[in-house]
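Every read-out reported here was derived from the displayed coordinates using simple, explicitly stated rules and does not represent laboratory data. Worth saying up front: this structure is predicted, and the values here are computed from it rather than measured. Neighbour counts are summed over all protein chains in view; Cβ atoms, including those assigned to glycine, are modelled from backbone coordinates with ideal geometry.
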Amino acid sequence: MSERLSQPPTIRDTQQVMLDLKRLYAPYEQEYSPEGQPWNGYDRFVGFVGDTEKLNKVIRKWQTTPIHEVDTPGLQKEMGHHIADYLFSIFATADDFSLDLEIPPVEPASSDVRDIVQSTPIDFSASFRDMTRRVQSLVPVNGVESLFGELLGAAAKDTMGLAGKRVRSNPAEGLTKSLRGLFVTTLCLSDKYGVNIDQAVRDMTQEKSAHIKATLKK
């Protein structure tokens, strides 16, 4: 699948690679799921929440290790894997619920940074580097992690609404906005910690594709 990535890949290229990976996962999920079914949007989002805790542990390790002892390349590689997982979850969840992240957003409801990132257009024809340059000033560096947590919490409520597990007003609109905000904030996270998203996506898709194919052959 990674062969489809151009140099440099556009966000649309990466979205398609992630959705190819999602389809590759379907028989694996069906075989190993207790229900014998591929994951639905709710299942996938629960997995997304689990992935965020893994990255939080890496961030805490980075922030609490004396600077002269920090293995920066090693931590960046580990963070890159989780950030690529984030992108997979964002694109796959949007696909599960048939949400279009390219729909031009409305004007921000306020000057609050959360409203701003949720209303930021995603240019799918741009590279990750170019898109990151456009959004890196939107979120204060010291507030990236907390903003991500806020958006994740809102997205969880709307995911439960769409899955029929919670009464929620306009959950599709709410989840679309939250996923757009999570995408923008993920770019800001990668910029803060110096993660090369393109390389992270290549590494993650190759690793997961090989793992799934090897597992299904057994």
- request: Only residues that are of a type outside the set (Gly, Ala, Ser) and not in a helix (DSSP H, G or I): list them for segment 9-34, please.
  value: Pro9, Thr10, Pro34
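Rundown of residues vs (1) under 18 Å from Thr185 (Cα atoms); (2) of a type in the set (Ser, Thr, Tyr), yes/no style:
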{"site": "Thr65", "(1), (2)": "no, yes"}
{"site": "Val70", "(1), (2)": "no, no"}
{"site": "His82", "(1), (2)": "yes, no"}
{"site": "Ser89", "(1), (2)": "yes, yes"}
{"site": "Leu101", "(1), (2)": "yes, no"}
{"site": "Thr120", "(1), (2)": "yes, yes"}
field: Gln37 being farther than 26 Å from Arg202 by Cα, part of a helix (DSSP H, G or I), free of Cβ contacts under 8 Å to residues at least 24 places away in the same chain and out of contact with any Pro (no Cβ under 8 Å at 6 or more places or on another chain)
entry: no
- request: Show the residue pairs that are 6+ apart or on different chains and have beta-carbon atoms under 6 Å apart, the first residue being within segment 123-136 and without any contact (Cβ under 8 Å) to a residue 60 or more places away in the chain, the second being assigned to a helix (DSSP H, G or I) and aliphatic (A, V, I, L, M).
  value: Val135/Val184; Val135/Leu187
message: Filter segment 167-218 down to the residues that are outside any helix (DSSP H, G or I), of a type in the set (Val, Ile, Thr) and surrounded by fewer than 22 Cβ atoms within 10 Å (Cβ to Cβ) and list them by number.
response: Val167
- request: Select from segment 135-157 the residues that are hydrophobic (A, V, I, L, M, F, W, C) and either assigned to a loop (DSSP other than H, G, I, E, B) or at positive phi (or both) and list them in ascending order.
  value: Leu138, Val139
- prompt: Can you tell me which residue in segment 89-140 is farthest from Glu29 (Cα to Cα), limited to those that are buried (at least 20 other Cβ atoms within 10 Å of the Cβ) and small (Gly, Ala, Ser)?
  reply: Ala94
field: Within segment 13-49, tally of residues that are of a type in the set (Asp, Glu) and under 17 Å from the mean Cα position of the chain (by Cα)
entry: 3
